1. How much FRET efficiency would the formula 1/(1 + (r/R0)^6) give for Arg258 and Glu169, where r is the Cβ-Cβ distance and R0 is 25 Å, rounded to 0.05?
2. Which ³J(HN,Hα) values in Hz, rounded to whole numbers, follow from the phi angles of segment 69-84 under the Karplus curve 6.51 cos²θ - 1.76 cosθ + 1.60, where θ = phi - 60° and Gly and Pro get x?
3. Given the C-alpha centroids of segment 51-102 and segment 219-246, what is the distance between them in whole angstrom?
4. Go ahead and run the numbers for FRET between Arg95 and Thr158, Cβ-Cβ distance against an R0 of 25 Å, rounding to 0.05.
5. Probe radius 1.4 Å, ligands and nucleic acids left out: which of Tyr194, Tyr124 has the largest accessible area, and how do the rest follow?
6. Please report the net charge: other residues with Cβ closer than 13 Å to the Cβ of Lys200, K and R +1, D and E -1.
7. Quickly work out the Gln267-to-Arg229 label distance, labels modelled 7 Å from Cα along the C-beta direction, and quote it in nm with one decimal.
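The values are calculated or read from the model by the stated rules, or taken from the named source; none is laboratory data. Nothing here was measured: the structure is a model prediction, and the numbers come from that model. Quick reminder, even Gly has a Cβ in these numbers, built from the backbone with ideal geometry, and neighbours come from all protein chains shown. Each accessible area value is taken on the protein alone, full model and side chains, heavy atoms only, with ligands, DNA and RNA left out. Shrake-Rupley method; radii C 1.70, N 1.55, O 1.52, S 1.80 Å.
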Amino acid sequence: MILSVRRVTAVCLLGAALAACGTARAPQPARPAPSAPGAVPPVAPRSTPPTLAPGPSGLTPVFAHGPRGGGRVVALTFDADMTADQGPRAARGERFDNPGLLAALRRLEVPATVFMTGRWAEQYPEQARSLGRDPLFEVANHSYSHYAFTGDCYGLPTLPEERMRADVERAYAAFRKVGVPHPMPYFRFPGGCYDRRARKALTPAGVTAVQWDVVSGDAFATDADAVARQVLAEVRPGSVVVLHCTRSAAPVTERAVRTIVPELRRQGYRFVKVSELVAAAGGADRPTLGS
């Protein structure tokens with residue numbers, strides 16, 4: 001997938017700031033009931049999450065979007081970014097969370113997938129646990145450190161190849177420690193940067209890498225309407241939209257979402273989690289990136 005200049009710029013801004021297909025089966029989805037902000041509902045049993053089969057040479061599969069002919073469905077995804085060395089900034093009051101955004105998603109009853117770093121889960125354990133126990137959401141892996149899995153990835157520090165799998169597994173360990181009961185086997189590369197070497201390093205982890213086909217442009221945006229217009233102009237059936245739930249890096253995302261959601265519903269779209277799109281892709285031409 002070739003990103004437009006506008007898309008690359010949006011991801012680049014966020015990365016720089018954070019630096020200073022096989023057959024799948026899924027249960028028939030039911031519309032989850034929203035939870036009150038901060039509430040921790042009971043944990044329901046879950047079936048095995050759908051994943052895609054490894055790609056050529058056993059490489060980690062990379063998922064970009066769902067089938068285009070599968071109806072008007074769209075997945076909103078939110079990156080909960082925090083690098084391994086940003087603890088001092090959080091201690092000084094910088095907010096890497098966004099409770100208002102999560103509360104808005106609950107009020108609007110919007111299913112969503114949150115790609116969370118292990119460091120974010122450690123910094124905000126109650127929010128991580130609440131997300132993991134709320135059937136409206138699913139928690140996926142965004143690495144522990146938010147360090148890059150390739151060189152020259154928007155200024156992010158780079159992980160050596162021998163530490164890539166361990167970084168992903170460390171994030172899952174952090175999720176378990178704070179009480180996230182069923183993190184999904186989905187992984188989003190920090191900065192969206194990956195190559196064949198990174199995909200090979202993560203093969204033993206058994207994850208499906210999840211990218212996107214719609215960049216919201218919410219990174220450091222100050223105009224919520226502009227973010228909403230960009231998303232609304234680019235969403236197609238089966239789209240995966242990348243947004244962020246980090247107040248310091250994406251301060252207008254909540255306002256943008258409150259415009260995006262009702263307008264897409266007016267257009268006939270239904271919101272789903274990434275797992276539903278992955279399940280749908282299991283029996284169709286698999287929308288993967290790379291080979």
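1. About 0.10, to the nearest 0.05.
2. So the J values, rounded to whole Hz, are x, x, x, 7, 10, 8, 10, 8, 10, 10, 8, 9, 8, 6, 7, 5.
3. Here the answer is 14 Å between Cα centres.
4. Efficiency computed from Cβ-Cβ geometry: 0.40.
5. Descending order: Tyr194, Tyr124.
6. Here the charged neighbours net out to +1.
7. The two pseudo-label positions are separated by 1.5 nm.
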